[in-house]
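The next block holds one structure in the form of structure tokens; read it before the comments.
Values in this text are rule-based calculations from the coordinates and carry no lab data. Since the model is a prediction, treat every value here as computed from it, not as a measurement. Here the Cβ is made from the backbone with ideal geometry for all residues, glycine too, and neighbour counts use every protein chain on show.
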Amino acid sequence: MSRKNIAAGNWKMNKNYEEGLALARSLSEKSVASDALMILSTPFIHLKAVGDIIKGQPHMRLAAQNCHQKAAGAYTGETSLDMLKSVGVTHVILGHSERREYFHESNELLAEKVNAVLDSGLTPIFCCGERLDIREANTHVAYVANQIKESLFHLSTADFGKIIIAYEPIWAIGTGVTASPAQAQEMHREIRQMISEKYDGETADNCSILYGGSVKPANAIELFGQPDVDGGLVGGASLKADDFCAIYDAFGKTNV
Ligand code: 13P
């Protein structure tokens, strides 16, 4: 899979059913398709209906915010990849910092989930990123490298080529504090370098690496204009159709 520009909206646990469908309808009507992908990552109960709304839109895709690693069985409250596939999901966010923190998802568990998503033919959007204390200690590159190594570096070159990575520094999520374009670029370049060293330059070049953490219409053009930033994983600003469309449109304005 070659590198793509992507604006992915992570709705997290927001919007009731009617509100979610209204947002999806609005995005479907307002967004003007380009080569970039717009991915909607909705709560589970919205997935089927949102999938029906965006069907036929060449630039729009549907993502789950999590999945279970087992194929089926006695796992009360969980959702399988087969279920997700059956309603048109194409991408699955894995390892969001909120899942790591509140649901204790470890690098090892995430490696299992990555395998399961790839086995099912869907695309993982693998999240990584450091806490503020780690950045302040200047150990953020090694920390993120370890997350990637422990959850992804067991993959074959062919399988690694199917992964999307989202770098989301925890200190920038929902805080209004965005990583500066230079901070985002630095980490994205480091991640690409790690991939190049583990696999090869072509695999590194082809990997889409998204930035997440207080992406807004006002900062998207500058962030997406960084050479190693291929788009954004957007929380709060993905809940407003006009804002998310403006973020999606930023790709046409970066001159990269
Ligand atoms: P915000 O855009 O609200 O900071 O959230 C980022 C995020 O966590 C996306 O997954």
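Using the rule -39500 (n - 2.57) for each DSSP H run of four or more residues, divided by the residues of the chain, the 222 nm mean residue ellipticity is -12000 deg cm²/dmol. Distance between the 7 Å Cα→Cβ label points at residue 254 and residue 202: 2.4 nm. Once the Cβ-Cβ distance of residue 158 and residue 85 is raised to the sixth power relative to R0 = 22 Å, the FRET efficiency obtained is 0.60.
A cut-off under 15 angstrom between Cβ atoms defines the neighbours of residue 182, and their net charge, with Lys, Arg +1 and Asp, Glu -1, is -2. Which of the aspartates and glutamates could be linked to residue 55 by a straight reach, that is with a Cα gap under 16 Å, when you skip same-chain ones fewer than 8 residues away? Leaving aside aspartates and glutamates fewer than 8 places away in the same chain, those within reach of residue 55 are 29.
Remark: spin-label model distance residue 218-residue 119 equals 4.7 nm, labels positioned 7 Å along the Cα→Cβ axis. For region 124-256, the convex hull drawn through the C-alpha positions has a volume of 100 cubic angstrom per residue.
Phi angles of region 143-157 translate, via the Karplus equation with coefficients 6.51, -1.76, 1.60 and θ = phi - 60°, into HN-Hα couplings of 5, 5, 4, 5, 4, 5, 4, 6, 9, 10, 7, 7, 6, 5, 4 Hz per residue; Gly and Pro are given as x. Judged by the ratio a/c of the largest to the smallest principal axis of the C-alpha gyration tensor, region 51-133 counts as oblate, that ratio being 1.5 or greater while a/b is no larger than b/c.
Distances between every pair of Cα atoms in region 199-256, grouped in 10 Å steps from 0 to the bin holding the largest one, split as 25, 50, 20, 6 percent. Values of log10 I(q)/I(0) for region 9-109 across q = 0.15, 0.16, 0.19 Å⁻¹ run -0.63, -0.71, -0.96, by the Debye formula with one identical scatterer at each alpha carbon and no solvent. Close amide H pairs (under 5 Å, H built 1.01 Å from N) link residue 96 with 127, residues at least 5 positions away or on another chain. For the chain, the antiparallel share of DSSP beta bridges with both residues in that region comes to about 0%.
Converting phi to 3J(HN,Hα) with the Karplus coefficients 6.51, -1.76 and 1.60 and the offset θ = phi - 60°, region 231-238 yields x, x, 10, 10, x, x, 6, 8 Hz in sequence order, with x at every glycine or proline.
Model label sites at residue 242 and residue 14, defined 7 Å from Cα along the beta-carbon direction, differ in position by 1.6 nm.
Comparing 226, 183, 69 in a Gaussian network model of the chain where C-alpha atoms under 10 Å apart are linked, the largest mean-square fluctuation is found at 183.
If you run the Gaussian network model on the chain, springs between alpha carbon atoms under 10 Å, then out of 215, 144, 234 the most flexible one is 144. Across the cross-link table entries 30/216; 48/240; 149/216; 30/70; 198/240; 85/198, which are compared at the Cα atoms, the separations over 28 Å belong to 149/216; 30/70; 198/240; 85/198.
Entry note, the chain: relative contact order of 21 percent, from Cα contacts under 8 Å with a spacing of 6+ residues. Here the Karplus curve 6.51 cos²θ - 1.76 cosθ + 1.60, taken at θ = phi - 60°, turns the phi angles of region 35-42 into couplings of 5, 6, 8, 10, 10, 9, 10, 9 Hz, with x standing for Gly and Pro.
Within the set of other residues whose C-beta is less than 10 Å from the C-beta of residue 241, count the net charge using Lys and Arg as +1 and Asp and Glu as -1. Net local charge, residue 241 excluded: 0.
Other residues whose C-beta falls under 15 angstrom from the C-beta of residue 110 contribute a net charge of -4, scoring Lys and Arg +1 and Asp and Glu -1. Here region 33-53 and region 109-157 have alpha carbon centers that stand 24 Å from each other.
Pick from 232, 129, 88: which is most flexible by mean-square fluctuation in a GNM of the chain where alpha carbon atoms under 10 Å apart are linked? Result for the chain, Cα springs under 10 Å: 88 fluctuates most.
Amide H to amide H, with H built 1.01 Å from N, residue 37 comes under 5 Å of 5, 6, 7, counting only residues 5 or more places away or on other chains.
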